[in-house]
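The values are calculated or read from the model by the stated rules, or taken from the named source; none is laboratory data. Quantities reported herein were computed from a predicted structural model and do not represent experimental measurements. Methodologically, a virtual Cβ is constructed for each residue, glycine included, from the backbone with ideal geometry; neighbour enumeration extends over all protein chains shown. With ligands, DNA and RNA removed, areas are computed over all heavy atoms of the protein, side chains included. Shrake-Rupley method; radii C 1.70, N 1.55, O 1.52, S 1.80 Å.
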Amino acid sequence: QTRGSVPLFWEQRGKQVNPKPRLIRAIPLTLPALRRHLAEQQQLYGQQLFLSLLDQKGDEAELAAAFAQCMDALVGDAGTSVGTSENVRFVPIDFHARCKVSSRPEALRAVVGLVRSALE
């Protein structure tokens with residue numbers, strides 16, 4: 001397991017407690033660095049599952065959409081359908097939205113189920 005922030009070029013500026021994240025590099029300029037990062041991760045760890053827990057609405061929406069677009073492009077590079085391939089899988093889950101409509105334990109069970117399905 002590798003844990004990290006979204007592998008895009010972004011920043012959070014301001015004096016607020018949680019300033020809105022914003023992209024600082026366009027997606028076409030981000031893809032070469034993301035490809036190198038992914039190749040390194042695959043060499044070290046093998047197959048990759050990217051689990052995005054970013055909010056799909058609100059302050060994180062732009063970052064979530066850019067991440068999904070980059071992952072679609074990367075998986076497309078592998079000549080496979082969007083969102084899944086032999087070596088790269090992408091599972092976007094708006095965890096905060098799930099918690100609003102169900103309890104946190106139920107939302108966690110749903111996340112585990114989605115991850116399990118992605119790994120099968």
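Here are some notes:
- Condition check for A65: of a type in the set (G, A, S), surrounded by 10 or more Cβ atoms within 10 Å (Cβ to Cβ) and closer than 25 Å to L114 by Cβ: yes
- Where helices (runs of 4 or more DSSP H) fall entirely within region 1-116, those with at least 3 residues that are at pLDDT 90 or above are at 27-45, 61-77.
- Residue pairs meeting the criteria (Cβ under 9 Å; at least 6 apart or on separate chains; first closer than 18 Å to D55 by Cα, in region 82-107; second open to solvent by 70 Å² or more (accessible area, probe 1.4 Å) and modelled with pLDDT under 80): F90/V82
- Cross-chain or 6+ apart pairs with Cβ under 7 Å, region 1-30 first and closer than 13 Å to A66 by Cβ, then of a type in the set (K, R) and in a loop (DSSP other than H, G, I, E, B): F9/R25
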